[in-house]
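Enquirer: What follows is a single structure, and I will ask about it in a moment.
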Amino acid sequence: MLPRKLFRKCWKHDTLNSVKDKPERGRKRKLSEADEKKFVKQARAGKPATEIAREDTADTGQPLHAQTVRNILHEGGLQNWKVKEIEVLSAANQQARLRYAKAMRKARWSQVLFSDEKTFPIQFGLDRAWQDPHARITRKVVRHPKKLHVWAAAGYYMKCPLYFFTGNLNAEFYKRILRERLTRTNVRFAPDAPRSFRTTWRFIQDNSKIHKAKTTMEFLEKKFGNRIIEHPAQSPDLNIIEDLWAYLNRKVQSSNIKTVQVLKDWPMNGELCLGKRFEIL
């Protein structure tokens, strides 16, 4: 089989008696810098490239291809990404967030232990990339990839060993994780942590149904009393551990991990730090 470029040249020679491209119809449209700035501004306002090209063609009477607009938008630093969805907060939740922010603005966050769970699917690789339409990049995927669930708790001066599990999480299982991990020996403190933190540190979790189950809260209240921080509903962004998960997820993806065991052996615990003081552990 002939290479693609050589095949095209042979086809052109046989049909056109030449290897040069046929002249295109009409002169190419020249766009000014003002036009390009206008296209970028329109795109930022939410217009797709096809609509921008169609409107410009109607206004000027000169044809403009949508791909030309896309090229200009790329050069202007824009990318055609999926719109990020943010759940709308109710008025009650907005008020709860405001009260929480006011009440906690002077809190000593360095003595808080943040906790949460994260699921890592064992199926990584590029899902979007610039590609040649005639030589597409492929990656193998499975319909139901294996997953590893991880529970973690960390703070500026302290952290707990990670807890790995593959089954479904329910209130009883979650309570077992807390019982095993939130012990004197498993809550590990940095060498320079204030001594008082060993008995006064506070615990925070989000408001998932499993976390707020009656039996779970009874266990936590019996163990920590008033050292539990009440987290407002629909506010995962107020839990610092979400930033930690995002950091770890990028690290795991770049490591090209392919099995659950390799992911368990990956030095995730060494990466699990929220403050610079904790890097020495």
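Enquirer: Return only the number of the condition from (1) more than 30 Å from I137 (Cα to Cα); (2) under 24 Å from the mean Cα position of the chain (by Cα); (3) in a helix (DSSP H, G or I) that H74 does not satisfy.
Expert: (1)
Enquirer: Please go through (1) of a type outside the set (A, V, I, L, M); (2) modelled with pLDDT under 80; (3) surrounded by fewer than 18 Cβ atoms within 10 Å (Cβ to Cβ) for F278 and return the number of the only condition it doesn't satisfy.
Expert: Of (1) of a type outside the set (A, V, I, L, M); (2) modelled with pLDDT under 80; (3) surrounded by fewer than 18 Cβ atoms within 10 Å (Cβ to Cβ), only one is false for F278: (3).
Enquirer: Going by what's in this entry, would V19 be described as under 30 Å from K212 (Cβ atoms), outside the structural domain of F164 (by TED's automatic domain parsing) and modelled with pLDDT under 90? Spell out the reasoning first.
Expert: Details: under 30 Å from K212 (Cβ atoms): no; outside the structural domain of F164 (by TED's automatic domain parsing): yes; modelled with pLDDT under 90: yes.
Criteria not met by V19.
Enquirer: For T166, which of the numbered conditions (1) surrounded by 14 or more Cβ atoms within 10 Å (Cβ to Cβ); (2) hydroxyl-bearing (S, T, Y); (3) modelled with pLDDT under 90 fails to hold?
Expert: Status for T166: all satisfied but (1).
Enquirer: Determine the pairs where a residue that is closer than 20 Å to V40 by Cβ, located within the range 75-93, has a partner that is surrounded by 11 or more Cβ atoms within 10 Å (Cβ to Cβ) with Cβ atoms under 6 Å apart, the partner being 6 or more residues away or on another chain.
Expert: Listed by first residue and then by second, the contacts come to G76/V40; L78/A43.
Enquirer: Please specify each residue of the range 200-249 satisfying the condition of being under 25 Å from S110 (Cβ atoms) and among the charged types (D, E, K, R).
Expert: R202, D206, E221, K223, R227, E230, D237, E242, D243 - these are the residues of the range 200-249 that are under 25 Å from S110 (Cβ atoms) and among the charged types (D, E, K, R).
Enquirer: Residue by residue through the range 170-190, note down the ones that are out of contact with any Lys or Arg (no Cβ under 9 Å at 6 or more places or on another chain) and surrounded by fewer than 16 Cβ atoms within 10 Å (Cβ to Cβ).
Expert: N170, E172, F173, R176, E180, T183, T185, N186
Enquirer: Now, a different point. Of the residues that make up the range 76-98, is at least one touching a Phe, Trp or Tyr at 6+ places or on another chain (Cβ under 9 Å) and over 30 Å from N226 (Cα atoms)?
Expert: To start, the set of residues in the range 76-98 that are touching a Phe, Trp or Tyr at 6+ places or on another chain (Cβ under 9 Å) comprises 76.
Next, only the ones that are over 30 Å from N226 (Cα atoms) stay: 76.
Yes, the range 76-98 contains a residue that is touching a Phe, Trp or Tyr at 6+ places or on another chain (Cβ under 9 Å) and over 30 Å from N226 (Cα atoms).
The values are calculated or read from the model by the stated rules, or taken from the named source; none is laboratory data. Computed from a predicted structure; not experimentally measured. Glycine also receives a Cβ, built like all others from the backbone with ideal geometry; neighbour counts cover every protein chain displayed.
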